1. Remind me, relative contact order of the chain in percent, using alpha carbon pairs under 8 angstrom and six or more residues apart?
2. If each residue's Cβ is checked for other Cβ atoms within 10 Å, how do 75, 44 rank with the fewest at the top?
3. For the chain, what does the helix formula give at 222 nm: sum of -39500 (n - 2.57) over DSSP H segments with n ≥ 4, over the residue count, nearest 500 deg cm²/dmol?
4. Kirkwood Rh over Cα pairs of the range 228-321 into Stokes-Einstein at 20 °C, 1.002 mPa s: D in µm²/s?
5. Give the order of 66, 136, 94 when sorted by the count of other beta carbons within 10 angstrom, beginning with the fewest.
6. Compute the orientation-averaged projected area for the chain from the convex hull of its Cα atoms and round it to one decimal in nm².
7. Mind telling me which of 249, 90, 225 comes out most flexible in a GNM of the chain, alpha-carbon contacts under 10 Å?
8. At a Förster radius of 25 Å, what calculated FRET efficiency corresponds to the Cβ-Cβ distance of residue 53 and residue 29, to the nearest 0.05?
């Protein structure tokens, strides 16, 4: 009897612990709500903090979990991956927490939110994949294989910016990060926004995954030039095209995000491989996240094959990335 009573007692204690743990987990995210100038704004704690209307919506971790991140970037930690052990889900969510109150992954309904994360990560995966050629699974399975350019052709120091963004002695400004940063002026501008001295220490990007994701999300949310949309605005539809935009076949959607981020390197050239590779990552991620590639939209919205670039490259101008 004593043994049976002890077993029942242990069972009840275990159940009580489980109930208390569940209650604590449920109460760990307390949604605070108030109205400011007639608008409902919320604060959801560390992941969406700061009284924003976007914090009243789902946060990224509500619909995008660790296992999905692992599926999207299934090969990133294999022995042959060049950045094995660097990128992880926690770093992505920690980085995104800074930008979710601004609408990153929290704009619109759940489908729109999931599509934006698939779109952003589609760019990230395509720019950091090492799965080309004969690699098992193809390029879409090998996103986040890199965190830096492996064989830089030069130091990417442009003397034109020697007064505004002077190159630091010994520093090299080759491609690093989730959306690779090139040239000292880009490191300088992004560093100023993130309040990190990337101009003198560009290597920080390849040493800190959270910082690398933050830099990429900042790029996603920031217009390249005044009067132009950010990739975020173009994707979620808060950007309203002008007549010039529509005549240039620029519409809200994934295609225009490529125009903003890469310009005429991939856009306005028809269905070229460089563009199609980026699109294929986005569609693959939509499928893996349970949204479905049919949500990608028609060809003219999904691609930038016929779009005129926002900022055409001069014939002799160097690439800005």
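Just so you know, all these numbers are worked out from the coordinates, no wet-lab data involved. Only a predicted model underlies this, so the values are computations on that prediction, with no experimental measurement involved. Backbone-built Cβ (ideal geometry, glycine too); neighbour counts: all protein chains shown.
1. On the way: 514 pairs, mean separation 45.0, N = 321.
Averaging sequence separation for qualifying contacts and normalising by length gives 14 percent for the chain.
2. Values: 75 20, 44 25.
Taking fewest neighbouring Cβ atoms as first place, the list is 75, 44.
3. Working: 12 runs with 127 residues, N = 321.
Value at 222 nm, helices only: -12000 deg cm²/dmol.
4. On the way: Rh = 13.5 Å.
Translational diffusion coefficient: 158 µm²/s.
5. On the way: 66 13, 136 10, 94 17.
The order, fewest Cβ neighbours first, is 136, 66, 94.
6. Values: hull surface 90.6 nm².
Reported value for the Cα convex hull: 22.6 nm².
7. 225
8. Working: r = 18 Å, r/R0 = 0.70.
Computed FRET efficiency for residue 53 and residue 29: 0.90.
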